[in-house]
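To keep things clear, I will list the structure first and then write my remarks on it.
The values are calculated or read from the model by the stated rules, or taken from the named source; none is laboratory data. Here the structure is a predicted model, which means the values were calculated and not measured. When we count neighbours, we look across all protein chains shown, and the Cβ atoms used for this are built from the backbone with ideal geometry, even at glycine.
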Amino acid sequence: MNTRILAWTQDAVGASRIREAAGIIRQGGLVAFPTETVYGLGADGLNPQAVEEIFRCKGRPQDNPLILHVDSLDMARDLTTDFPASARVLADRFWPGPLTLVLPRAETVPAQVSAGLPTVAVRMPAHPAARELITAVGGPVAAPSANLSGRPSPTSAVHCYRDLNGKIPLILDGGECIVGLESTVLSLTGDIPRLLRPGSVTLEQLEEALGRVLVDPAVLEQPEEGAKVSSPGMKYKHYAPNARVILVKGDEGAFYRYVNEHAGKGVFVLAFDEDMQKLPQPIVSLGSRNRPEEWAAALFAALRELDERGAEIVYVPSPPREGVGLAVYNRLIRAAAFNEVVVEQ
Ligand code: TXA
Ligand code: MG
């Protein structure tokens, strides 16, 4: 299959490309499209065969459910059997935007979307191309990140092309994703809201809106083999670069000392602009040390760059587990297969 990349712009040309993409999706096909978080691999969320095609195309484990993307509150409500007051509060505050809500699944939603779970994940994206696409399809668009399973999520059309060239007919190119990490996933199916995946809508913001929020253990720790987890996506070694990634917990001085003691061929550092001249090893930067939003936006492209440059071992300072830092930590600790060393100050 020949994979075309078409630029999306907010004009008549962009609109005709959205119609073309929507046509493919309505006929059961797949299209990669931009969102503010990462690129999605979209299919008709109410068509079981199209949804199954997503799993085949990505090589995604069958038990990892998908998010349905909506363009209105009514569309979101129709996909659930209960849209509680807490969901309304969050939708008012954070939609459209990088927040996914897990709610009881309506019967109209194919079981394939939710990998058989009685719940469904719903999100209203902020990127105008994504919302125009959903509107043109006329129904919910099921979309995981548009990468091959196990690869870093794509934050540009080129990343999608590298992973899915020859497998899908069309990639809509809406530029680089502003957020750069996948949405925050929050379950509202229990008595107390539960954070399943941290993102740029932070735990602190959710607590401010709702009061108490539980953090699922899988956010910070490796689920045990065979354990039943609330968020199936969290049990897989995600975002894995070819290099061995090692998180180093300690202050700046301790980090420099540790890296110097472990110097060698193929050793790279993933750190900040402020570190650029301070270490002899090649450094890939996540942006400024003081701006977690920059780390989030840069992370997945940085992991791909490290692979392209042939990094064998990558040392990364452990980000603080607060605000957007929690989301960056959650992705990094998985890229590192939970390999973190604590260095004395
Ligand atoms: O930002 C995003 O969320 C992007 C863009 C494309 O919207 N999508 C994305 O999808 O990251 P994906 O499939 O890569 O991640 C979906 C996550 C997985 O961790 C999955 O386990 C979880 O959401 N999830 C989906 N449905 C669920 C459900 N019913 N219960 C619990 N977790 C669910
Ligand atoms: Mg993904």
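So for region 260-281 (the condition being free of Cβ contacts under 8 Å to residues at least 12 places away in the same chain, in contact with a helix residue (DSSP H, G or I) (Cβ under 9 Å, 6 or more places away or on another chain) and surrounded by fewer than 23 Cβ atoms within 10 Å (Cβ to Cβ)), does at least one residue qualify? Write out each step before concluding.
Within region 260-281, the first condition is being free of Cβ contacts under 8 Å to residues at least 12 places away in the same chain, and the residues that meet it are 261, 276-277.
After this cut, where a residue has to be in contact with a helix residue (DSSP H, G or I) (Cβ under 9 Å, 6 or more places away or on another chain) as well, the list is none.
No - not one qualifying residue is present in region 260-281.
Looking only at region 70-84, decide whether some residue is assigned to a loop (DSSP other than H, G, I, E, B) and closer than 25 Å to PRO169 by Cβ.
Scanning region 70-84, I find at least one residue that is assigned to a loop (DSSP other than H, G, I, E, B) and closer than 25 Å to PRO169 by Cβ, so the answer is yes.
Of the residues that make up region 306-326, is at least one surrounded by 13 or more Cβ atoms within 10 Å (Cβ to Cβ), part of a strand (DSSP E or B) and among the acidic types (Asp, Glu)?
No, every residue in region 306-326 fails to be surrounded by 13 or more Cβ atoms within 10 Å (Cβ to Cβ), part of a strand (DSSP E or B) and among the acidic types (Asp, Glu).
Can you tell which of ILE192, ILE171 is touching a strand residue (DSSP E or B) at 6+ places or on another chain (Cβ under 8 Å), farther than 18 Å from VAL324 by Cβ and away from ligand 1 (no atom under 15 Å from the Cβ)? Don't jump to the end; show me each part of the working.
Values: ILE171 fails: away from ligand 1 (no atom under 15 Å from the Cβ).
That would be ILE192, the only listed residue that is touching a strand residue (DSSP E or B) at 6+ places or on another chain (Cβ under 8 Å), farther than 18 Å from VAL324 by Cβ and away from ligand 1 (no atom under 15 Å from the Cβ).
Hey, can you tell me all the residues within region 145-162 that are crowded, with 24+ Cβ neighbours inside 10 Å and not hydrophobic (A, V, I, L, M, F, W, C)?
SER145, ASN147, PRO152, SER153, PRO154, THR155, HIS159
Here is a yes/no grid of residues against (1) more than 15 Å from the chain's Cα centre (by Cα); (2) away from ligand 1 (no atom under 13 Å from the Cβ); (3) modelled with pLDDT under 95; (4) on the phi < 0 side of the Ramachandran plot:
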{"site": "THR135", "(1), (2), (3), (4)": "yes, yes, no, yes"}
{"site": "ALA143", "(1), (2), (3), (4)": "no, no, no, yes"}
{"site": "SER149", "(1), (2), (3), (4)": "no, no, yes, yes"}
{"site": "VAL158", "(1), (2), (3), (4)": "yes, yes, no, yes"}
{"site": "ASP163", "(1), (2), (3), (4)": "yes, no, no, yes"}
{"site": "PRO198", "(1), (2), (3), (4)": "no, no, no, yes"}
{"site": "THR202", "(1), (2), (3), (4)": "no, yes, no, yes"}
{"site": "TYR239", "(1), (2), (3), (4)": "no, no, yes, no"}
{"site": "LEU247", "(1), (2), (3), (4)": "yes, yes, no, yes"}
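I'd like the residue in region 100-118 that is assigned to a strand (DSSP E or B), crowded, with 19+ Cβ neighbours inside 10 Å and not basic (Lys, Arg) and, out of all such residues, is nearest to ligand 2 (Cβ to nearest atom). Can you show your working first?
First, the residues of region 100-118 that are assigned to a strand (DSSP E or B): 100-105.
Cutting the leftovers down to crowded, with 19+ Cβ neighbours inside 10 Å gives us 100-103, 105.
Filter again for not basic (Lys, Arg), leaving 100-103.
On the way: THR100: 12, LEU101: 17, VAL102: 15, LEU103: 20 Å.
Within region 100-118, the match that is nearest to ligand 2 (Cβ to nearest atom) is THR100.
Somewhere in region 105-116, is a residue away from ligand 1 (no atom under 13 Å from the Cβ) and within 16 Å of HIS69 (Cα to Cα)?
Step one: filter region 105-116 for residues away from ligand 1 (no atom under 13 Å from the Cβ), giving 107-108.
Adding the requirement that they be within 16 Å of HIS69 (Cα to Cα) leaves 108.
Scanning region 105-116 turns up at least one residue that is away from ligand 1 (no atom under 13 Å from the Cβ) and within 16 Å of HIS69 (Cα to Cα).
Need the failing condition index for ALA130 against (1) assigned to a helix (DSSP H, G or I); (2) more than 9 Å from ligand 1 (Cβ to nearest atom), just the number.
Checking ALA130 against (1) assigned to a helix (DSSP H, G or I); (2) more than 9 Å from ligand 1 (Cβ to nearest atom), the one that fails is (2).
Taking the conditions exactly as written (within 15 Å of ligand 2 (Cβ to nearest atom) and closer than 18 Å to GLY174 by Cα), does PHE55 satisfy them or not?
Details: within 15 Å of ligand 2 (Cβ to nearest atom): yes; closer than 18 Å to GLY174 by Cα: no.
The answer is no for PHE55.
Results for (1) more than 27 Å from LEU181 (Cβ to Cβ); (2) in a helix (DSSP H, G or I); (3) out of contact with any His (no Cβ under 7 Å at 6 or more places or on another chain), shown as yes or no for each residue.
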{"site": "THR9", "(1), (2), (3)": "no, no, yes"}
{"site": "GLY14", "(1), (2), (3)": "no, yes, yes"}
{"site": "ARG17", "(1), (2), (3)": "no, yes, yes"}
{"site": "GLU20", "(1), (2), (3)": "yes, yes, yes"}
{"site": "GLY23", "(1), (2), (3)": "yes, yes, yes"}
{"site": "THR37", "(1), (2), (3)": "no, no, yes"}
{"site": "GLY42", "(1), (2), (3)": "no, no, yes"}
{"site": "LEU46", "(1), (2), (3)": "yes, no, yes"}
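Here is a check on your reading of the model: is ALA301 within 17 Å of ALA335 (Cβ to Cβ) and modelled with pLDDT of 95 or more?
Working: within 17 Å of ALA335 (Cβ to Cβ): yes; modelled with pLDDT of 95 or more: yes.
In short, yes.
Any residue in region 137-158 that's within 18 Å of PRO34 (Cβ to Cβ): show its pairings with residues that are of a type in the set (Phe, Trp, Tyr) and in a strand (DSSP E or B) at Cβ separation under 7 Å, as long as the two are six or more apart or on different chains.
Here the result reads none, with nothing in region 137-158 linked to a residue that is of a type in the set (Phe, Trp, Tyr) and in a strand (DSSP E or B).
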